[in-house]
Amino acid sequence: MKTIDFLSAEFNQNPYHFYRIMRNDLPLYFHETIQAYVLSRYEDIKFAFNNPAFTVKNYEFQSQPLHGRTILEMDGQEHARHRSIVAPSIRGKELQEKIMPIIERTCAEVLNDFEGKNKNDFATEFAAKFPIKVISAILGLEGENNEKFLVWYRSFVAFISDMGQHEQVTEAAFKTKAEIEEYLIPIIQERRQNPKDDILSKMCTARIDGVQMTDQEIRGFISLLITAGAESTDKILTLMFRNLLQNPKQMQMLIEDKSLIEKAFLESLRFSPPTHSIMRITSEEVEVSGGKIPANSQVIMWVGAAQRDERQFEKSEEFDILRTDLDWTKGFAPGANHIAFGGGRHFCVGSMLAKAEIDVAFRQIFEKFKNIRLVPNQNLQESGIFTRGITNMEIEYDCN
Ligand code: HEM
């Protein structure tokens, strides 16, 4: 059977070439090395996200060893009750009133380091710093060592992404787990005695069916939020800026009309999503794309391929912030017609927070700096097959 080896260097270099082949010729196939069925079409993955036969048991080995049992792998009432401890704090009124000032202030602080210079590495000096500072402040860990958080979440993401299961990656992730535990448990115990107005305190005081979460459960929830809240936003900031800088007419339109930031964000999530693949485990036999996936099978869903599916998006390989086939009105809710935030009950709980961060970041950047351009002749190669991003991106600019 024809197959595609997504552990190869060629795939990492340019997965989009292989995605086209998968969508057209291999919409469902079995990957022998990984022992998983592979999906790549938008319609099939959207179906899987919304079908309970595609369970989240994958997180029992992808996430549980590090974070313990978290909402990622919960279902039903248990999932809803745990998710509702965080969800209201990072959307709607609370987002607007309490979190927006934190985002505005944090963004200004990080951008301060750009002033008085006319060249900087956007990926390392802004994108890697801003979202981690925001999420730690919201959680109630402000002023803590964000440099350490960066190392921590990157080692966790390396673990979850490590389809090759390399020893070094596993060791680094477990070292991180021990460090986080050592750091967080005393803070959790202190916060139980002196709760504040933050998410950590909410976890410390919440009762689920009359029972408080244990220190270890809170530690896991916090380490999940640090990882999920920082990693994808970090990556999309640089990817979106790259997309705009490489399409100067669209960037100019956005500078003149800042309401286009939201569209540019959604289009970047479609064109260059930070999460390229998500796994699931089937609980029963499922028919998809004209074939069958047996019960208890691992499934790899290529979100990166689906987002460029020509059956769903016209001129799908083009970056176009004015495209009319992305539904702007629902782009940050489970009814979205893209799948960069997943779908169904596990749809990203932080989508509105990410939107707010992106909006504030690009508004402030275009207020403070002008004539922004990419430093020529640099390697802007994306890398990664689970999450995908750009490690370095040097920009030149003038201060306003
Ligand atoms: C552009 C930024 C982001 C992207 C592309 C993104 C993407 C995703 C995706 C694809 C999922 C679904 C995973 C699955 O179904 O297996 C997810 C879930 C999740 N995300 Fe995000 N995310 C982003 C930002 C954030 C932020 C800022 C937070 C911080 C709170 C966050 C927290 C979570 C959590 C906790 C889940 C698990 C939800 C559940 O299982 O119910 N994400 N995210």
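The values are calculated or read from the model by the stated rules, or taken from the named source; none is laboratory data. Being a predicted model, the structure only gives us computed values, none of them experimental. With ideal geometry, Cβ positions are generated from the backbone for all residues, glycine too; neighbour counts draw on all protein chains shown.
Results, tabulated for the structure shown:
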{"read-out": "Among (1) within 16 Å of the ligand (Cβ to nearest atom); (2) modelled with pLDDT under 95; (3) closer than 26 Å to residue 31 by Cα, the one test that residue 308 misses", "value": "(2)"}
{"read-out": "Residue that is nearest to the ligand (Cβ to nearest atom) [pool: residues in region 226-241 that are hydrophobic (A, V, I, L, M, F, W, C) and at pLDDT below 95]", "value": "228"}
{"read-out": "Failed condition for residue 151, given (1) touching a residue at least 60 places away in the same chain (Cβ under 8 Å); (2) away from the ligand (no atom under 13 Å from the Cβ); (3) in contact with a helix residue (DSSP H, G or I) (Cβ under 8 Å, 6 or more places away or on another chain)", "value": "(1)"}
{"read-out": "Residues of region 282-326 that turn out to be among the small types (Gly, Ala, Ser) and assigned to a strand (DSSP E or B), as a count", "value": "1"}
{"read-out": "Every residue from region 49-90 that is near the ligand (Cβ under 10 Å from one of its atoms), buried (at least 18 other Cβ atoms within 10 Å of the Cβ) and either farther than 17 Å from residue 226 by Cβ or among the hydroxyl-bearing types (Ser, Thr, Tyr) (or both)", "value": "49, 54, 56, 58, 59, 63, 70, 73, 74, 89"}
{"read-out": "Filtered residue count, region 2-53, keeping only those that are part of a loop (DSSP other than H, G, I, E, B) and on the phi < 0 side of the Ramachandran plot", "value": "19"}
{"read-out": "Residue in region 335-389 that is farthest from the ligand (Cβ to nearest atom), counting only those that are of a type in the set (D, E, K, R) and assigned to a loop (DSSP other than H, G, I, E, B)", "value": "382"}
{"read-out": "Residues that are at pLDDT 95 or above, touching a Phe, Trp or Tyr at 6+ places or on another chain (Cβ under 7 Å) and assigned to a helix (DSSP H, G or I), drawn from region 54-72", "value": "72"}
{"read-out": "Among the candidates 359, 325, residue that is free of Cβ contacts under 8 Å to residues at least 24 places away in the same chain, within 16 Å of residue 267 (Cα to Cα) and either within 17 Å of the chain's Cα centre (by Cα) or surrounded by fewer than 19 Cβ atoms within 10 Å (Cβ to Cβ) (or both)", "value": "325"}
{"read-out": "Single match in 98, 133 (criterion: in contact (Cβ under 8 Å) with a residue 24 or more places away in the chain, within 20 Å of residue 230 (Cα to Cα), out of contact with any helix residue (DSSP H, G or I) (no Cβ under 6 Å at 6 or more places or on another chain) and within 15 Å of the ligand (Cβ to nearest atom))", "value": "98"}
{"read-out": "Any hit, region 110-130, residues being of a type outside the set (S, T, N, Q), farther than 15 Å from residue 150 by Cα and within 15 Å of the ligand (Cβ to nearest atom)", "value": "no"}
{"read-out": "Options 160, 188, 199, 180: the member that is closer than 21 Å to residue 131 by Cβ, of a type outside the set (D, E, K, R) and without any contact (Cβ under 8 Å) to a residue 60 or more places away in the chain", "value": "180"}
{"read-out": "Output for region 188-221, where each listed residue is in contact with a helix residue (DSSP H, G or I) (Cβ under 7 Å, 6 or more places away or on another chain), of a type in the set (Val, Ile, Thr) and farther than 14 Å from residue 86 by Cα", "value": "188"}
{"read-out": "Odd one out for residue 280 among (1) touching a strand residue (DSSP E or B) at 6+ places or on another chain (Cβ under 7 Å); (2) surrounded by fewer than 21 Cβ atoms within 10 Å (Cβ to Cβ); (3) not β-branched (Val, Ile, Thr)", "value": "(2)"}
{"read-out": "Enumerated helices (runs of 4 or more DSSP H) restricted to region 168-260, each holding at least 3 residues that are among the charged types (D, E, K, R), within 30 Å of residue 371 (Cα to Cα) and under 26 Å from the mean Cα position of the chain (by Cα)", "value": "215-245"}
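Residue-wise test of (1) of a type in the set (Ser, Thr, Tyr); (2) buried (at least 19 other Cβ atoms within 10 Å of the Cβ); (3) under 29 Å from residue 177 (Cβ atoms); (4) modelled with pLDDT of 95 or more.
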{"residue": "97", "(1), (2), (3), (4)": "no, no, no, yes"}
{"residue": "105", "(1), (2), (3), (4)": "no, no, no, yes"}
{"residue": "115", "(1), (2), (3), (4)": "no, no, no, no"}
{"residue": "130", "(1), (2), (3), (4)": "no, yes, yes, yes"}
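Matching residues to (1) within 13 Å of the ligand (Cβ to nearest atom); (2) surrounded by fewer than 21 Cβ atoms within 10 Å (Cβ to Cβ); (3) at pLDDT 95 or above; (4) of a type in the set (Gly, Ala, Ser):
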residue	(1), (2), (3), (4)
180	no, no, no, no
244	no, no, yes, no
262	yes, yes, yes, no
276	yes, no, yes, no
